[in-house]
Amino acid sequence: MKKLNLLLILMVGLFVVSCAKKEIPTGVEEAPPPAVKKESAPQTKPAEEAKVPSQETPKLSEPPMFEEVGLEPQNPEWIDAHREELLLYGRSTRPFKAIFFDFDSYYIRDDMKDRLQENARFLLENPEIKVELQGNCDERGSSEYNLALGEKRALAVKRYLINLGVSPERLITVSFGEERPLDPRHNEEAWALNRRVDFVVIKNNQQ
């Protein structure tokens, strides 16, 4: 009997220990731990697109307003006061420049070639323009000789312009010989002004 009682006590003890290890369900579900909200980076407004200033279409320059220089000789003092301008334009229509020549010559001087190139460039950029190339001489020589020499000077300028690409249909030649001096005095200073070819606009469709 003692052995049986001892065995029963041992079995009861083992049962109690095994039950103690089991978790007793409470029937209440544990709430999951609260989710930690991640701080979102502060939203910055997208940078406004840089406003590129609208580039206005550059206005085309106004059509050139041609004008006769109109520097007609009045008296020696007036001529001397305007000599530099006379040596630049003669009686040409601005912005064209006059071409001057040596005595008894119709060859283009080296110092006049830049002017001719400027005049040619302007004609090429303004194809609506026609010009009259007016040949002039100083008073020395006969009227017939000077008319012929003035024509040769105008033709020499025309050939030079054609070689630079200007259409011959836009170039008309005329000679005034010695009839239209800028300086009527009888000295080398005056003659140097009178030996020239003027560029005078005779047609401009933009006017």
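The values are calculated or read from the model by the stated rules, or taken from the named source; none is laboratory data. No experiment lies behind these values; they were computed from the predicted model shown. With ideal geometry, Cβ positions are generated from the backbone for all residues, glycine too; neighbour counts draw on all protein chains shown. All accessible areas refer to the heavy atoms of the entire protein, side chains included, with ligands and DNA or RNA removed. Shrake-Rupley method; radii C 1.70, N 1.55, O 1.52, S 1.80 Å.
General observations
- Considering the conditions (1) open to solvent by 60 Å² or more (accessible area, probe 1.4 Å); (2) modelled with pLDDT of 95 or more, Gln207 is excluded by exactly one of them, (2).
- When Asn146 is tested against the conditions (1) open to solvent by 10 Å² or more (accessible area, probe 1.4 Å); (2) in contact (Cβ under 8 Å) with a residue 12 or more places away in the chain; (3) within 14 Å of Asn194 (Cα to Cα), the lone failure is (1).
- Scope the stretch 60-77; condition at pLDDT 50 or above and within 20 Å of Arg196 (Cα to Cα); matching residues: Gly70, Leu71, Glu72, Pro73, Gln74, Pro76
- If the condition is being open to solvent by 50 Å² or more (accessible area, probe 1.4 Å), of a type outside the set (Lys, Arg) and touching a residue at least 24 places away in the same chain (Cβ under 8 Å), then the stretch 87-110 contributes Leu87, Pro95, Asp102, Phe103, Asp104, Tyr106, Tyr107.
- Boolean, Asn163 is among the polar types (S, T, N, Q) and touching a Pro at 6+ places or on another chain (Cβ under 7 Å): no
- Test: Ser142 is over 27 Å from Arg83 (Cβ atoms) and hydroxyl-bearing (Ser, Thr, Tyr): yes
- Within the stretch 175-200, the only residue that satisfies the criterion of being in a loop (DSSP other than H, G, I, E, B) and hydrophobic (A, V, I, L, M, F, W, C) is Leu182.
Here's the yes/no breakdown for (1) touching a strand residue (DSSP E or B) at 6+ places or on another chain (Cβ under 6 Å); (2) in contact (Cβ under 8 Å) with a residue 12 or more places away in the chain; (3) acidic (Asp, Glu); (4) open to solvent by 70 Å² or more (accessible area, probe 1.4 Å):
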{"residue": "Gln117", "(1), (2), (3), (4)": "no, yes, no, yes"}
{"residue": "Lys130", "(1), (2), (3), (4)": "yes, yes, no, no"}
{"residue": "Asn136", "(1), (2), (3), (4)": "yes, yes, no, no"}
{"residue": "Arg140", "(1), (2), (3), (4)": "no, yes, no, yes"}
{"residue": "Leu155", "(1), (2), (3), (4)": "yes, yes, no, no"}
{"residue": "Arg159", "(1), (2), (3), (4)": "no, no, no, yes"}
{"residue": "Thr173", "(1), (2), (3), (4)": "yes, yes, no, no"}
{"residue": "Glu178", "(1), (2), (3), (4)": "no, yes, yes, no"}
